[in-house]
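Student: This structure is in structure tokens; I'll ask about it shortly.
The values are calculated or read from the model by the stated rules, or taken from the named source; none is laboratory data. Nothing here was measured: the structure is a model prediction, and the numbers come from that model. For accessibility, only protein heavy atoms count, side chains too; no ligands or nucleic acids. Shrake-Rupley method; radii C 1.70, N 1.55, O 1.52, S 1.80 Å.
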Amino acid sequence: SNTRLQSSMTTNAHPNLGSSSNYISRYWTVEPLNLTGIPSYGVEYIYKDADVTGVEAQLKPYKYGTNSGWIAAIGSGASYEQGTGVVNPGTNTITWTGLSSFSDFTGNGNGTPLPISLLEFNAVPLVEAVELTWVTATETNNDYFTLERAKDGINFEVIHIEDGAGNSNQILNYSWVDNNPFDGYNYYRLKQTDFDGNFTYSIVRVVNFSKPVSTNSNWVNVYPNPITNGLVFLNFGEINSDEVNVLLYNSTGQIVWESKVSAESNKTSELKIYGLSNGLYYLQIQNENLIEKMKILIK
């Protein structure tokens with residue numbers, strides 16, 4: 001299957017350590033290529049004395065995954081545990097077996113609890129906005145979340161603040177809709193701040209967003225709206241080619257119907273849209289560089 005691993009080492013503290021006071025300033029990123037199935041494996045990694053912050057004897061094997069958050073070896077006292085691992089301060093070696101997922105490996109301690117275990121942070125483009133969602137498995141002294149956005153991936157600005165749960169041991173879902181995204185690339189990140197003022201950042205999510213275009217050229221008219229019997233007619237003015245792409249999105253931005261339609265200037269084409277639930281949808285019609293987007297109701 002040509003399965004292999006690629007790895008890299010970063011000589012800094014992991015950016016998602018949170019307010020932990022015992023850790024090593026080094027982590028190893030291991031990613032599989034062409035992996036099929038669920039693996040079972042072990043790792044061994046070596047740190048330097050100069051990497052240690054806090055009490056070395058309190059270090060435990062920890063790993064961080066984008067989707068899984070922090071996972072520690074069994075017996076470490078973490079919210080999520082996997083496999084058997086040990087830190088040997090004499091040889092500066094961390095060994096860990098019984099693993100089944102790849103991520104960033106490091107050493108961490110329980111001197112101060114991690115503020116949250118972030119299971120996921122996602123940004124999904126809708127037709128006229130971008131929906132931001134995140135899920136926490138646990139929260140400890142979590143004051144609030146801050147959503148930040150940048151056009152260049154560097155200069156982030158605050159776009160929303162959401163209260164945290166304080167302390168929680170259950171899965172919590174959060175969401176917020178950015179109704180004013182930039183036209184083009186949008187870089188989003190989630191900042192978590194605890195009651196002590198310490199904070200951590202999520203990974204950055206990137207969305208290439210295209211705002212609805214108002215053509216004002218009347219190159220296509222759509223009727224009827226609402227759709228009552230599944231039939232939709234596209235009446236064209238002057239168009240550039242004899243083929244039109246039609247996409248229908250639901251309210252969460254998922255494509256639920258698509259078709260390529262033969263078209264002629266100053267002619268009418270018929271669409272047959274069946275099998276969809278009643279409700280509001282977004283219709284996108286494209287003829288080369290001509291784009292029309294509109295809300296359409298199915299009854």
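Student: Report D for the stretch 1-43 in µm² per second (integer): Stokes-Einstein, Kirkwood Rh on Cα pairs, 4 °C, 1.567 mPa s.
Tutor: Value of D from the Cα-based Kirkwood radius: 102 µm²/s.
Student: Also, quick follow-up: Run the count for the chain, please: Lys pairs, Cα-Cα under 15 angstrom, 8 or more apart or on different chains.
Tutor: Summing the qualifying lysine pairs gives 5.
Student: Right, next: Calculate, for the stretch 42-152, the solvent-accessible area per residue in square angstrom, rolling a 1.4 angstrom probe over the heavy atoms of the protein chains.
Tutor: Here the per-residue accessible area is 38 Å².
Student: Over the chain, with every protein chain in place, what whole percent of the accessible area is carbon and sulfur at 1.4 Å, could you tell me?
Tutor: Summing carbon and sulfur atoms, their accessible area is 46 percent of the total for the chain.
Student: Please report, in whole Å³, the volume per residue of the convex hull around the C-alpha atoms of the stretch 25-152.
Tutor: 162 Å³
Student: So what is the accessible area of the stretch 209-299 per residue, in Å², with the probe set to 1.4 Å?
Tutor: Counting only protein heavy atoms, the per-residue value for the stretch 209-299 is 57 Å².
Student: OK, next. What Rg and what Dmax come out for the chain when only alpha-carbon atoms are used, in angstroms?
Tutor: Gyration radius and largest Cα-Cα distance of the chain: 25.4, 82 Å.
Student: For the chain, with a Gaussian network of springs between Cα atoms less than 10 Å apart, report the residue from GLY107, GLY279, GLY83 with the top mean-square fluctuation.
Tutor: Evaluated over the chain, the most mobile residue of the options is GLY279.
Student: Picking from ASN250, ASN240, ASN142, which is most flexible by a Gaussian network model of the chain using Cα springs under 10 Å?
Tutor: Judging by the Gaussian network model, the answer is ASN240.
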